[in-house]
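Only one structure is covered here, and it is reproduced in the block below.
The values are calculated or read from the model by the stated rules, or taken from the named source; none is laboratory data. Treat the numbers as computed from the prediction; the structure is a model and nothing was measured. Glycine gets a Cβ as well: all are built from the backbone with ideal geometry, and neighbour counts include every protein chain shown. Ligands, DNA and RNA are excluded from the accessible area calculation, which covers all protein heavy atoms including side chains. Shrake-Rupley method; radii C 1.70, N 1.55, O 1.52, S 1.80 Å.
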Amino acid sequence: MFGSVLIANRGEIACRIARTAKRLGMRTIAVYSAADADALHVRLCDEAYPIGPAEARESYLSTARLIEAVQRARAECIHPGYGFLSENADFAEACARAGVVFVGPPPAAIRALGLKDRAKALMEAAGVPVVPGYHGERQEPKFLKEKAYEIGYPVLIKPAAGGGGRGLRRVERHAEFEAALDAAIRESESAFGASRVLIEKYIAAPRHIEIQIFADRHGNVVHLGERDCSLQRRHQKIVEEAPAPGMTADLRAQIGAAAVEAARAVRYSGAGTVEFVADGTAGLRAGAFWFIEMNTRLQVEHPVTEAITGLDLVEWQFRIAAGEQLPLAQEQIRLNGHAVEARVYAEDAENGFLPSPGPIAALQWPAGIRVDAGVEAGSTISAFYDPMIAKLIAHGATREAALDRLKSALEHTVIAGPRTNLCFLMALCRAPAFRSGRIDTGFVDRNLAALGGVPHQPDYAAAALGAARLLAQSFGGTAQTVALDGENSEADSPWAARDGFQLGGPRSLTVPVVVDGVSLEATVSYGADGIGVAVNGAAPAQDAQTFAAGEDVYVLRHGRQTRLRLADFAASALAEAGEGTIVAPMHGRLLEIFVHLGDHVAAGQRLAIIEAMKMEHTLSAPFAGTVRAIAAAPGAQLVEGAEIMLIERGETR
Ligand code: ADP
């Protein structure tokens, strides 16, 4: 076994790898960008080396800087985690040249599987069933369109170099093909620096079934069963489980054998995941699953496999990289119970799942469940990286039990500051279709409204509670409990409090507050019983928690966050005057502007695209009007709040 490891990653996966490495007695070495100097993974490791600025391209994706760090630290191996350089064959080769072991498959296998079209061709040759489609070299739009027609709609256009759901475009009709192809190519070029695509038949009611495999360097290959990752939003996994609902031992053996075959076909070693899409219209069944791609690394969702096998997959990765034999043979691998993982993201589920970076004002993890997190109270969710905050992994004897445990854990999770998808995940855990295992990859998108993934009414009761806390903080005393008895000392006396107290009957005054960016009024009434606070007629919620941070108060209620601050009159007046100012919703790069100076735009019309946190976000016109100014050019790196353009209100002619 190795004596030391450099972990070429950050966040929860860096922390998770460090834990196993420590248990195996290794010296753990972290690397960090300028944005991560205080990050949890840095503190968890024995040593840490800075590797450059916040931009991943110049730090976590810089082969040169990582190799320099590994040489300074004299690490024996590098674990790449997932994402970043984990599937980069050049990096794996650079490690070998530098005399350090890359904990992952041989570069040739990474290369063979790195492009979806090549990987499919390889699998086809090895006799593994692949999704019907076109995965050849020719790329003329007209030719691809003909191929799509032959395959039959709906089809899926995929960047050959793709990953993370980026650039995938589902096309329903022949007439929509060109536009979808353009979009897929544009996104592929921006994300992967490559334009080649493949076309696939879109499988009806698709279920994402993937097999965890392990291969050692002595020719042994096993699989650790499947994971079902069908709960996705825009082709990105949200909740994963193992085993797959409806899986039988026979079918598992059949898909498992196909996955093992896939690994043998490329002389694989290490951990890998062979992904299949299954036709879910009539449950899982033989002959109705097809290879889509193989990931040559550890997956985000590996903990559900760990939970049901009782194995530590990172330990297996280290053992294989050190040249050991696989710890178990196929028949020694047993699956026990059921596990579900939920990915908790810093994103605003009610507002297009926009990333919501920023400092964490309060944080509490639930007890009695595995939590893989890369942050703690006081950490900041950086706009430079993926917005995942943590993974909660529940294990139970049955699927029911695991789901109940996950639901309760979500309810006992407290995260204030960034907005999160907690409320959305709770709704998913309650959804009857999911509870009964009737899911496909379109389930979430079809049920967004029912799951709470759409704009909501403000939570006025939460706002009233927040207002009470704000007023208590700002004006002294606790607004809900100021007692009007004349026995108080001078300082405690209501006569001394600057709270507007007057003699006589009940009175009220209004205090302007900003609730999640919207100006509202809190009504404060004074009577013989004390002071009451209401917002929009609602009394303070009794079933919520409040947290204060700086000028803000955060109210958490049923997984939903309401943020309040006292209105600053000057600022709100300005905001009103500038109501048509289109600003960057977060740090990011302006990809494209679709309008020109003087253009008339309709309400909701697409104005620009900004790329941030690995996603493209469309900015649209808040109302009909005229483009009066454009303040940024495509390609510009923008900070949150930077002005992009100004729309003057007025009907479009
Ligand atoms: P990426 O590598 O970008 O994640 P994948 O090829 O893995 O892209 O596809 C992402 C998701 O889209 C998969 O999890 C699967 O559920 C779904 N998917 C992929 N191919 C098909 C297909 N041909 N038909 C239906 N769904 C598909």
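Brief remarks on what is shown
- Filter result (surrounded by fewer than 20 Cβ atoms within 10 Å (Cβ to Cβ) and of a type in the set (Gly, Ala, Ser)) within the range 99-113: GLY99, ALA108
- Which listed residue, of THR309, THR305, THR273, THR281, is in contact with a strand residue (DSSP E or B) (Cβ under 8 Å, 6 or more places away or on another chain), touching a residue at least 40 places away in the same chain (Cβ under 8 Å) and surrounded by fewer than 21 Cβ atoms within 10 Å (Cβ to Cβ): THR309
- Test: residue in the range 609-629 that is open to solvent by 50 Å² or more (accessible area, probe 1.4 Å), more than 13 Å from MET586 (Cβ to Cβ) and aliphatic (A, V, I, L, M): no
- Residue list for the range 245-274, filter: within 16 Å of the ligand (Cβ to nearest atom) and closer than 23 Å to ALA321 by Cα: ALA259, ALA262, GLY272, THR273, VAL274
- Top-ranked residue of the range 194-203 - restricted to ones that are without any contact (Cβ under 8 Å) to a residue 60 or more places away in the chain and within 19 Å of ASN295 (Cα to Cα), ranked as nearest to the ligand (Cβ to nearest atom): VAL197
- Applying the criterion of being closer than 24 Å to ARG285 by Cβ and more than 16 Å from the ligand (Cβ to nearest atom) to the residues of the range 123-159, the residue that is surrounded by the fewest Cβ atoms within 10 Å (Cβ to Cβ) is GLY127.
- Single unsatisfied condition, GLY99 versus (1) in contact with a Pro (Cβ under 9 Å, 6 or more places away or on another chain); (2) within 15 Å of ALA322 (Cα to Cα); (3) without any contact (Cβ under 8 Å) to a residue 60 or more places away in the chain: (1)
- 1 or more residues modelled with pLDDT of 90 or more and under 27 Å from ASP459 (Cβ atoms): qualifying strands (runs of 3 or more DSSP E) within the range 512-627: 518-527, 530-535, 545-549, 552-557, 560-566
- Residues located in the range 160-188, provided they are more than 15 Å from the ligand (Cβ to nearest atom) and part of a helix (DSSP H, G or I): HIS174, ALA175, GLU176, PHE177, GLU178, ALA179, LEU181, ASP182, ARG186
- Checking each residue of the range 183-204 against the condition of being open to solvent by 10 Å² or more (accessible area, probe 1.4 Å) and in contact with a Cys (Cβ under 7 Å, 6 or more places away or on another chain) gives no match.
- Scan of the range 17-31 for residues that are outside any loop (DSSP other than H, G, I, E, B) and open to solvent by 10 Å² or more (accessible area, probe 1.4 Å), ordered by number: ARG19, LYS22, ARG23, ARG27
- Odd one out for ALA288 among (1) touching a residue at least 12 places away in the same chain (Cβ under 8 Å); (2) within 24 Å of ALA242 (Cα to Cα): (1)
- All positions within the range 115-159 that are part of a helix (DSSP H, G or I) and out of contact with any helix residue (DSSP H, G or I) (no Cβ under 7 Å at 6 or more places or on another chain): LYS116, ASP117, LYS120, ALA121, GLU124, ALA125, LYS142, PHE143, GLU146, LYS147, GLU150, ILE151
- Residue in the range 631-639 that is touching a residue at least 60 places away in the same chain (Cβ under 8 Å) and either assigned to a loop (DSSP other than H, G, I, E, B) or open to solvent by 30 Å² or more (accessible area, probe 1.4 Å) (or both) present: no
- Test: residue in the range 79-93 that is in contact (Cβ under 8 Å) with a residue 12 or more places away in the chain, farther than 22 Å from GLU315 by Cα and part of a loop (DSSP other than H, G, I, E, B): no
- The set of residues from the range 204-235 being hydrophobic (A, V, I, L, M, F, W, C), modelled with pLDDT of 95 or more and within 11 Å of the ligand (Cβ to nearest atom) comprises ILE209, CYS229, LEU231.
- Residue identified as open to solvent by 40 Å² or more (accessible area, probe 1.4 Å) and aliphatic (A, V, I, L, M) among ALA96, ALA89: ALA96
- The number of residues in the range 275-292 being aliphatic (A, V, I, L, M) and more than 10 Å from the ligand (Cβ to nearest atom) comes to 4.
- Residue match in the range 88-100 (condition: more than 16 Å from the ligand (Cβ to nearest atom) and acidic (Asp, Glu)): yes
- The one condition in (1) open to solvent by less than 60 Å² (accessible area, probe 1.4 Å); (2) more than 26 Å from ASP279 (Cβ to Cβ); (3) of a type in the set (Gly, Ala, Ser) that ALA449 fails to fulfil: (1)
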